[in-house]
Structure formats: structure tokens, C-alpha cells
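What follows is one structure encoded as C-alpha cells, with my remarks underneath.
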Amino acid sequence: MRRGKDLAVLFGEFFQFGCFTFGGGWSIVAQMQRLYVEKKHTITGEELLDITSVGRSLPGTMIGNVAMLYGNHVAGLAGGVVCLFAMILPPFLVLSVLTLCYTAVRDNYWVAAAMTGVRASIVPIMASAALPLVKGAFRYPPCVAVALLSLSLYLFWNVSCVLLVVMGIVSGLLICEFYERRGGGTSHGAA
């Protein structure tokens, strides 16, 4: 009985998240940060960063992947499926309605003006999701160099995201191993 209640709560929470997916996955990560890290303490900020990193690295939509990973983390496979379904249900319903009346609203001034405001309001939501994740991303000082190198390679030399992720994995392994050998690492319990 308890498991069914837990799954129903997850469904309700992720259904609410799905109702506010404006701005893509980062707005959902901000909501997850507030609810699960700061309020309920069901995961740490570092665990949310790990889930988000893996979710971004997998094929498909980031937030669908994040929903599945979080649900699986807290309630097993059934939790993952419930979170994923609850997350995609609201946008699916809205898109179904919009598809039916798209031609009537696509050139509407009021709809375009409203979307301009929505886009502007999403930027701080996305930033609020990214800022808390920064702390967990830079556990060791060399991680900052890895981030700057990755940013440079991506922006100026158009290096593939896959290659950057592989570079990050190798760098992370080397950095953590270095700090473990020095005796100052905590990488085994965190990742």
C-alpha cells in the first residue's frame, strides 16, 4: 500500500513539473532542486547534478531522461516509468490541443506577445537551476580548467559534444585518481 502511495505522490509532483516545462529541461531541474534537494532532502545537489549530467548525455530529451533516472533512483523501475509518464502527459495534452488549432493562433499578435514574455521569464529560472549545480561540478580545482577547455573547444572549434563528454570522463577519472592518491579525495562515495 505504501509503494502505491509513493508512486502516486511522484506522479503528482512530476505532473506538476510537466505543466511548467517552459524553457526546456533546465526549468524542471530548478524545480527539482527546490523540492528534492532543498525541501524534501531526498537527494543531494551532487546527486541531482549526476542525474542531470547522465540525462543530458543519453539519447532523447534531457528532462525525460532526468525524470526516468530520478524516479528509478527513489522508487525503482516503476518509479522511473511513473515519473516519465507524468512528466510528458501535460505537454502531450497541450500539444494535442495546439495542433488542432495551430493555424488559428500561429499568426495571432497576442499569442506571439505572450510567448515573448514567457521566453524572457524563463532565463532566470534556467539560471537558478544551473547555479546550484556549479558547486558540485567543481569538486577539485582542475575541474574548472576542464570546464573552460570544454567551453572553448565547443564554442571556438565546434568539437562534438560526445567527444567533450568522453574528454570529461577521462579527465574526471584522472583528477579523482590524483586526489585519491594524495589522500584528499572523496570521489568514491559521491559518484
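The values are calculated or read from the model by the stated rules, or taken from the named source; none is laboratory data. As the structure is a computational prediction, the values presented were derived from the model and not from experiment. So basically every Cβ, Gly included, is an ideal-geometry build from the backbone, and we count neighbours across all protein chains shown. To get the accessible areas, we keep the full protein, side chains included, count just its heavy atoms, and leave off ligands, DNA and RNA. Shrake-Rupley method; radii C 1.70, N 1.55, O 1.52, S 1.80 Å.
What to note about this one:
- Computed over the stretch 1-154: relative contact order in percent, which uses C-alpha pairs under 8 Å that are six or more apart: 30 percent
- Average accessible surface for the stretch 34-92: 50 Å² per residue, computed with a 1.4 Å probe over protein heavy atoms with every protein chain in place.
- Among the trypsin sites (Lys or Arg not before Pro) within the stretch 29-116, those in coil by DSSP and having at most 16 neighbouring Cβ atoms inside 10 Å are Lys40, Arg106.
- Dipole check for the chain: with +1 at the C-beta of Lys and Arg, -1 at the C-beta of Asp and Glu, and the Cα centre as origin, the magnitude is about 220 Debye.
- Global form of the stretch 3-92, assessed from the alpha-carbon gyration tensor, a/c cut-off 1.5: rounded
- For the chain, the longest principal axis of the C-alpha atoms and the axis of helix 45-57 are separated by about 70°.
- Packing rank of 110-116, 73-79, 47-53, where each peptide gets the mean count of other beta carbons within 10 Å, highest leading: 47-53, 73-79, 110-116
- Cα gyration tensor, the chain - rounded (a/c under 1.5), prolate or oblate: oblate
- Accessible surface of the stretch 19-172, 1.4 Å probe, proportion on carbon and sulfur as whole %: 73 percent
- FRET efficiency, 1/(1 + (r/R0)^6) with R0 30 Å, evaluated for Phe92 and Lys39 via beta carbons: 0.65
- Cα gyration tensor category, rounded, prolate or oblate, for the stretch 2-51 with a/c compared to 1.5: oblate
- Once the Cα-Cα distance is subtracted from the 0.36 nm per residue extended length, the Lys5 to Ala114 segment shows a gain of 35.5 nm.
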